[in-house]
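The block underneath contains the structure these notes are about, expressed in structure tokens.
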Amino acid sequence: MTEKTSRVPGEEAHRAAGPVGAPVILSNEPGSFARGVLARRHPALIRQVRDAFPYARRQHAALDALLDEITNGVIEPLAPAEHDHERWAAWGQEHFGRSWYDAPFLWAESYFYRRLLAAVGYFGTGPWQGVDPFAPFKRAELPGEAVEEELRALDALADAPAHERATALLHASLWGNRADLGFRVSADEATAGGAVASALVADDSAALWQILPAHASSTVAVVADNAGRELIPDLILTDHLLGHRHAERVVLHVKPHPYYVSDAMTADVVDCLRRLTEAPGEAGRIGGRLWKAMTAGNLEIRTHPFFCAPLPYEDMPDDLRREFASATLTLLKGDLNYRRLVGDRRWDATVPFADLTAYFPGAVAALRTLKSDVVVGLEQGTLDALERSGAAWRTSGTHALIQVRR
């Protein structure tokens with residue numbers, strides 16, 4: 001069966017009043033970012049996963065067949081024995097039998113990862129059931145010196161004024177693996193902080209803090225993106241929200257099973273919490289507070305099958321819609337969540353963010369480093385300057401945004 005979707009009252013009016021739909025992004029344009037993902041990134045990932053585990057011949061054969069299909073063949077349906085065969089049959093009925101490059105980019109990416117899980121037997125009944133094929137990649141960076149340096153920087157930040165700390169931690173969560181630039185707010189590192197600020201193509205951070213004033217009884221829903229080095233700043237920001245009563249409760253939404261390579265699941269949250277609690281100084285204290293917050297219910301982990309669906313948030317099911325409607329603010333992290341929030345389409349970059357998110361059941365904020373073509377809500381002058389730069393600013397990860405719709 002397919003997942004039930006719903007519309008809130010008045011949503012059709014929002015859609016009618018909003019911008020006319022832009023073309024859906026496909027992967028068949030030579031030289032495009034989307035084509036590069038399917039043509040280079042996905043085949044390379046299959047080879048990396050194949051080498052990361054001592055899989056048996058069955059897994060090797062299935063991975064090799066998937067590699068051949070995505071490079072030379074057409075999209076095949078999931079095997080009938082897969083538990084979600086009917087769901088994906090409905091989602092993919094318009095795409096099976098066609099080239100992978102001719103399917104919508106968002107759908108093709110999502111289905112690729114589902115097929116990869118099938119190839120390694122993640123949902124099967126054998127010995128590889130439940131073994132995350134991406135776990136080695138996600139865990140590899142946690143013990144590294146880069147994380148150690150970022151955690152040490154928290155010691156200097158601990159005594160900073162609350163507003164400076166809030167800004168630094170918000171930027172750290174935004175930039176993820178460039179979080180070291182966000183943690184540092186001391187005078188001798190002002191240049192680094194300025195570089196982060198100048199790379200923001202949109203900054204609604206003031207509106208975000210207005211929605212979450214200190215000492216309020218707010219509930220914040222955080223929809224996580226990546227694990228590892230990018231999840232740690234999200235957890236540290238969560239500690240700040242709770243500690244300064246910007247939120248009385250934070251609900252952290254993660255994926256129910258492996259999805260895109262780095263996507264966070266419950267096990268990844270636990271790995272990051274352990275990394276924090278085992279660290280010295282302020283990082284260890286933050287880890288301890290978060291651990292206690294989880295046991296007390298002030299920090300809760302939740303998940304939902306929709307987070308691994310190839311659908312926009314506009315099509316979220318009723319229960320998830322109610323979940324977000326009950327939050328004071330829903331904070332969506334990362335590039336994939338942004339694409340699902342506004343629609344993976346070739347929008348004019350000046351289309352208002354509020355128009356494309358009017359359907360969302362409550363206040364919503366997007367924290368995203370730009371790593372795909374989709375972007376909306378920019379001022380015309382900002383867009384003109386970015387276009388004149390000649391840089392691949394939409395996809396290189398060198399720019400970011402904070403956008404809020406009340």
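The values are calculated or read from the model by the stated rules, or taken from the named source; none is laboratory data. Everything numeric in this text was worked out from a predicted model, so none of it was measured. Note: ideal-geometry Cβ built from the backbone for every residue, glycine included; neighbour counts use all protein chains shown.
Restricting to the stretch 244-268, count the residues that are among the β-branched types (V, I, T) and without any contact (Cβ under 8 Å) to a residue 40 or more places away in the chain. Residues that pass the stated criteria total 1. Determine whether the stretch 19-34 contains at least one residue that is without any contact (Cβ under 8 Å) to a residue 40 or more places away in the chain and assigned to a helix (DSSP H, G or I). Among the residues of the stretch 19-34, not one is without any contact (Cβ under 8 Å) to a residue 40 or more places away in the chain and assigned to a helix (DSSP H, G or I), which makes the answer no. Could you tell me whether P133 is under 29 Å from R274 (Cα atoms), without any contact (Cβ under 8 Å) to a residue 12 or more places away in the chain and assigned to a loop (DSSP other than H, G, I, E, B)? Judged against the criteria, P133 is not a match. The number of residues in the stretch 55-68 that are surrounded by 15 or more Cβ atoms within 10 Å (Cβ to Cβ) and either assigned to a helix (DSSP H, G or I) or within 25 Å of the chain's Cα centre (by Cα) (or both) comes to 5. Those residues that are closer than 16 Å to L290 by Cα and among the small types (G, A, S), I need them from the stretch 229-262; list them, please. Of everything in the stretch 229-262, those that are closer than 16 Å to L290 by Cα and among the small types (G, A, S) turn out to be G243, A247.
Scanning for something assigned to a loop (DSSP other than H, G, I, E, B) and of a type in the set (D, E), does the stretch 307-330 turn up at least one residue?
No, there is no match, as no residue in the stretch 307-330 is assigned to a loop (DSSP other than H, G, I, E, B) and of a type in the set (D, E).
In the stretch 249-269 there is no residue matching the filter, namely being more than 18 Å from the chain's Cα centre (by Cα), crowded, with 20+ Cβ neighbours inside 10 Å, over 29 Å from T398 (Cα atoms) and at pLDDT 95 or above.
Here's a check for you: in the stretch 109-162, which residue that is among the hydroxyl-bearing types (S, T, Y) and buried (at least 20 other Cβ atoms within 10 Å of the Cβ) is nearest to the chain's Cα centre (by Cα)? Top of the filtered list is S110. Of all residues in the stretch 351-376, those being assigned to a loop (DSSP other than H, G, I, E, B), out of contact with any Gly (no Cβ under 8 Å at 6 or more places or on another chain) and not aromatic (F, W, Y) number 8.
Scoring I301 on the criteria (1) touching a Cys at 6+ places or on another chain (Cβ under 9 Å); (2) outside any helix (DSSP H, G or I); (3) β-branched (V, I, T) leaves a single failure, condition (1). Residues L336, L311: which one is crowded, with 22+ Cβ neighbours inside 10 Å and within 25 Å of Y113 (Cβ to Cβ)? Every option except L336 fails the conditions. In the stretch 208-232, the residue that is modelled with the lowest pLDDT out of those that are touching a helix residue (DSSP H, G or I) at 6+ places or on another chain (Cβ under 8 Å) and assigned to a strand (DSSP E or B) is N226. Being within 16 Å of A118 (Cα to Cα) and in contact (Cβ under 8 Å) with a residue 60 or more places away in the chain is a description that applies to F53.
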